[in-house]
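The values are calculated or read from the model by the stated rules, or taken from the named source; none is laboratory data. Everything numeric here is computed off the predicted structure, so don't read it as measured data. Because the Cβ atoms are built from the backbone with ideal geometry, glycine has one as well, and the counts that use them run over all protein chains shown.
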Amino acid sequence: MPGDGIGKPVLDETIRVLEAAGFEADYVEGDIGWEFWKTEGNPLPDRTIDLIAKHKIALFGAITSKPKDAAFEELAPELQAKGLVYSSPIVGLRQHFGLDICMRPCHTYKGNPLNFIRRAQGDDFDEPAVDVVIFRQNTEGLYGGVEWSDPPEQVYDALMTHPKFVKNFGKTPKEEISVSTRIFTKKGTERILRAAFEHAKKYNYKSVTVCEKPNVIRETSGMMFKMAQEMQAADYPNIQLWNTNIDAQMMWLTKNPEDYGVIVAGNMFGDIVSDGFAGLIGGLGFACSAQFNPDTGIGVFEPTHGSAPKYADYETSIVNPIAMIESACMMLDFINENDIAARIRKAVADVISEGKVRSYDMMKMRGKADVVKNGAASTTEMADAVIGKL
């Protein structure tokens, strides 16, 4: 599923890398993204849902999403009177297939000029090695889509039964209120916690950190941490359980990022902390992800960057494909093609360590169309370098 913007070039180059590494597959292209919203009123057509249900494994590039009003304006005129409301197709995909486990590894590559460095005494500095895996609950929480502007009477009446709502919002006219819910279920919370602990156990991480805000968001964040305490005590006594607040975590990740191993959080906070750690390893050009349902075997693998439409029309694609290549390696792990995944990861590491071929972000250039003329590698040249190492 190439999707929008830069999704297609990074996915095309990733498939070249997969083939060069010896991965044999038949690829079926699925429609998803902004163009299908504009022309069909549905960014996730049913035909694509059917393809994923049939084949189970999907590589996904990127999508463009815009606010409600902007999305409506770009809808085909003949569709504007049908009451259609844009919603993110990737969120819809997660919820439709129950892809509640989202895994986002962040690890430093030796020789990456974008790696986080920390000032020491005098003019010295050190470069802490980051090796963190974030587990994000992918279908609930603030991204669950249960929200209203000018809520219906029964919703408003229910809110008015809470004394704090009455005190703080009871005098606000209903039509001036917008509500977004943050719903956690015990089943969803148990599954993401279990996935985090099992990963820590399998790969010998010393700690699992619950990164939420239980001191303020007492019911949802509090439930997650309490369940983590019970799970750790019963099943994982050899793994340390840490508890951090999301705001403090965003400060500490630049103070001692090497101290963290596996981090688990709800949807919004998992999204935030994974982008924070991605910044320490070079940015979104190195940030990969997997989202899957262990019960059905369905998995979607994607970089966490967006569609970057400002780069999509360049004659030569300049974007860094490593995040997409790494996401494909996560797919290979998921289907037990571990040897091929390891070969590709080593090739990527060798290219970065050698430092002869670098994308514009690695050269700390601004993303303009002329960066290739100024020495940066194009998307294709980065893939060529990885293939050369293979």
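Within segment 176-198, restricting attention to residues that are in a loop (DSSP other than H, G, I, E, B) and over 15 Å from ILE217 (Cβ atoms), which residue is farthest from the chain's Cα centre (by Cα)? Walk me through how you get there before you give the answer.
First pass over segment 176-198, keeping only residues in a loop (DSSP other than H, G, I, E, B): 177, 181-182, 184-185.
The next check asks that each one be over 15 Å from ILE217 (Cβ atoms); those that pass are 177, 185.
Values: ILE177: 30, THR185: 21 Å.
So, considering only residues that are in a loop (DSSP other than H, G, I, E, B) and over 15 Å from ILE217 (Cβ atoms), the one farthest from the chain's Cα centre (by Cα) is ILE177.
Can you spot a residue in segment 249-264 that is of a type outside the set (Lys, Arg), part of a helix (DSSP H, G or I) and under 29 Å from GLN95 (Cβ atoms)? Write out each step before concluding.
Start the filter on segment 249-264 by keeping residues that are of a type outside the set (Lys, Arg), which leaves 249-254, 256-264.
Next, only the ones that are part of a helix (DSSP H, G or I) stay: 249-252, 257-259.
Next, from what is left, pick out any that are under 29 Å from GLN95 (Cβ atoms): 249-250.
Taking every residue of segment 249-264 in turn, at least one turns out to be of a type outside the set (Lys, Arg), part of a helix (DSSP H, G or I) and under 29 Å from GLN95 (Cβ atoms).
Give segment 36-54 a look and list any residue that's surrounded by fewer than 14 Cβ atoms within 10 Å (Cβ to Cβ) and of a type outside the set (A, V, I, L, M, F, W, C), or say none.
First, the residues of segment 36-54 that are surrounded by fewer than 14 Cβ atoms within 10 Å (Cβ to Cβ): 39, 46-47, 50, 53-54.
Scanning segment 36-54 gives THR39, ASP46, ARG47, ASP50, LYS54.
Considering every residue within segment 131-140, establish whether at least one is farther than 19 Å from GLU302 by Cα and touching a helix residue (DSSP H, G or I) at 6+ places or on another chain (Cβ under 9 Å). Steps first, answer last, please.
Going residue by residue through segment 131-140, those that are farther than 19 Å from GLU302 by Cα are 131, 140.
Among the residues that remain, those that are also touching a helix residue (DSSP H, G or I) at 6+ places or on another chain (Cβ under 9 Å) are: 131, 140.
The answer is yes, given that some residue of segment 131-140 is farther than 19 Å from GLU302 by Cα and touching a helix residue (DSSP H, G or I) at 6+ places or on another chain (Cβ under 9 Å).
Could you go through segment 65-83 and let me know if any residue there is part of a strand (DSSP E or B) and farther than 18 Å from HIS305 by Cβ. So that I can check it myself, show each step before the final result.
Of all residues in segment 65-83, those part of a strand (DSSP E or B) come to none.
No, there is no match, as no residue in segment 65-83 is part of a strand (DSSP E or B) and farther than 18 Å from HIS305 by Cβ.
For segment 279-299, name all the residues that are in contact with a Gly (Cβ under 9 Å, 6 or more places away or on another chain) and under 28 Å from GLY222 (Cα atoms).
Those that are in contact with a Gly (Cβ under 9 Å, 6 or more places away or on another chain) and under 28 Å from GLY222 (Cα atoms): ALA290, GLN291, PHE292, ASN293, ASP295.
When segment 269-293 is examined, which residues are found to be in a helix (DSSP H, G or I), surrounded by fewer than 24 Cβ atoms within 10 Å (Cβ to Cβ) and under 11 Å from the mean Cα position of the chain (by Cα)?
ASP271, ILE272, ASP275, LEU284
When you look at VAL85, is it touching a strand residue (DSSP E or B) at 6+ places or on another chain (Cβ under 9 Å) and over 22 Å from SER221 (Cα atoms), yes or no?
Numbers: touching a strand residue (DSSP E or B) at 6+ places or on another chain (Cβ under 9 Å): no; over 22 Å from SER221 (Cα atoms): yes.
It is false that VAL85 is touching a strand residue (DSSP E or B) at 6+ places or on another chain (Cβ under 9 Å) and over 22 Å from SER221 (Cα atoms).
Exactly one condition in (1) free of Cβ contacts under 8 Å to residues at least 12 places away in the same chain; (2) part of a helix (DSSP H, G or I); (3) within 24 Å of ASN293 (Cα to Cα) is false for LYS201; which is it?
(1)
Considering GLY306, GLY299, which residue is touching a strand residue (DSSP E or B) at 6+ places or on another chain (Cβ under 6 Å) and in a loop (DSSP other than H, G, I, E, B)? If you could, list the steps in order and put the result at the bottom.
Numbers: GLY299 fails: in a loop (DSSP other than H, G, I, E, B).
On inspection, the qualifying residue turns out to be GLY306.
Restricting attention to segment 120-175, which residues are free of Cβ contacts under 8 Å to residues at least 40 places away in the same chain and β-branched (Val, Ile, Thr)?
To start, the set of residues in segment 120-175 that are free of Cβ contacts under 8 Å to residues at least 40 places away in the same chain comprises 120-127, 146-175.
Matches in segment 120-175: VAL146, VAL155, THR161, VAL166, THR172.
Yes or no: VAL319 in contact with a helix residue (DSSP H, G or I) (Cβ under 8 Å, 6 or more places away or on another chain) and assigned by TED's automatic domain parsing to the domain that holds MET1? Let's see the steps before the verdict.
Values: in contact with a helix residue (DSSP H, G or I) (Cβ under 8 Å, 6 or more places away or on another chain): yes; assigned by TED's automatic domain parsing to the domain that holds MET1: yes.
Yes.
Pairs under 7 Å by beta carbon, first residue without any contact (Cβ under 8 Å) to a residue 40 or more places away in the chain in segment 235-261, partner exposed (fewer than 14 other Cβ atoms within 10 Å of the Cβ) and not in a helix (DSSP H, G or I), six or more apart or different chains?
Qualifying pairs under 7 Å: GLN240/LYS206; ASN245/ASN215.
Which of the residues that make up segment 253-276 are touching a strand residue (DSSP E or B) at 6+ places or on another chain (Cβ under 6 Å) and closer than 13 Å to CYS106 by Cβ?
TYR260, GLY261, VAL262, ILE263, GLY270, VAL273, SER274
What residue, among those in segment 135-174 that are within 32 Å of the chain's Cα centre (by Cα) and in a loop (DSSP other than H, G, I, E, B), is modelled with the lowest pLDDT?
The qualifying residue modelled with the lowest pLDDT is GLY145.
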